[in-house]
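The values are calculated or read from the model by the stated rules, or taken from the named source; none is laboratory data. Just so it is clear, the model here is predicted, and its values are computed rather than measured. Note that we place each Cβ from the backbone using ideal geometry, even for glycine, and neighbour counts take in every protein chain shown. With ligands, DNA and RNA removed, areas are computed over all heavy atoms of the protein, side chains included. Shrake-Rupley method; radii C 1.70, N 1.55, O 1.52, S 1.80 Å.
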Amino acid sequence: LSLHDALPIYIRQWRRLSLRFDAIQSGFLVSSAQIDFVLRFIEEFGKPGTVVAVDPVLGDHGRLYPKIEAVVAEGMKRLVAVADMLTPNLTEACVLAGREYDPEVGDDEVSAIARELSEPNGAKVVVTGIQRGDRILNCVYERTRGVAFHYERRVGGERSGTGDVFTSVLLGDAVLRRDFAEGVAHASAFVARASAA
């Protein structure tokens, strides 16, 4: 179900209320028009201190999702450039950085990718969901602190939507001024607990 056509109705009301948001999060976008819309939304409804989180949903396991075309992947780079926080999985991080996908990526390589994604504007980056046996690795990068690695136990098989939950919890922690690396640990633990329920 797409709410794209309904969004202008919401926006008119938010304008009447003179709303500005403490946080803005984007996720699955399937066209350049949707990316442009989100960019305009951030410009209009953000304010000084608004935290912008971008989960650049593009693909997984080294492939773009069926609805994602190369033009969308390229357009996503414009949205990434205005983000305060980025939460790509390994496939998405490789696409955005223009690198070959390697499911066996080493720590040095994924660290370099995270640093590269942070470059345009100093965004905090976590490359999520990297398989390490029975654990999941998240590579965390902050320009002021460098790279850190967070491991979480793997719970069951893959589930759609865990990236959305992860980014939402992380963004909530950012609004509450929680340390970014601590927020990654909190969001990872939350997803693991929810997956085990």
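Here is the list for segment 40-108: GluC sites (Glu not before Pro) lying in DSSP coil, each with at most 10 other C-beta atoms within 10 angstrom of its C-beta, are 100, 104.
Report the net charge of residues surrounding residue 143, where surrounding means a beta-carbon distance below 14 angstrom and charges are Lys +1, Arg +1, Asp -1, Glu -1. Summing Lys and Arg as +1 and Asp and Glu as -1 gives -1. Element breakdown for the chain at a 1.4 angstrom probe: carbon and sulfur atoms account for 53% of the accessible area. In the chain, the longest principal axis of the Cα atoms and the axis of helix 70-80 are about 80 degrees apart. The trypsin sites (Lys or Arg not before Pro) of segment 3-36 meeting both criteria, a DSSP state outside H, G, I, E and B (loop) and at most 16 other C-beta atoms within 10 angstrom of the site's C-beta, are 20. Across the chain, the volume of the C-alpha convex hull divided among the residues equals 126 Å³ per residue.
Could you tell me which chymotrypsin sites (Phe, Trp or Tyr not before Pro) in segment 6-63 are loop residues by DSSP with no more than 10 other beta carbons within 10 angstrom of their beta carbon? Loop-located and lightly packed - none at all.
Per residue, segment 51-137 exposes 44 Å² of solvent-accessible protein surface, assessed with a 1.4 angstrom probe and all protein chains in place. Straight Cα distances below 24 angstrom link residue 124 to the lysines 47, 77, with same-chain residues fewer than 8 positions distant left out.
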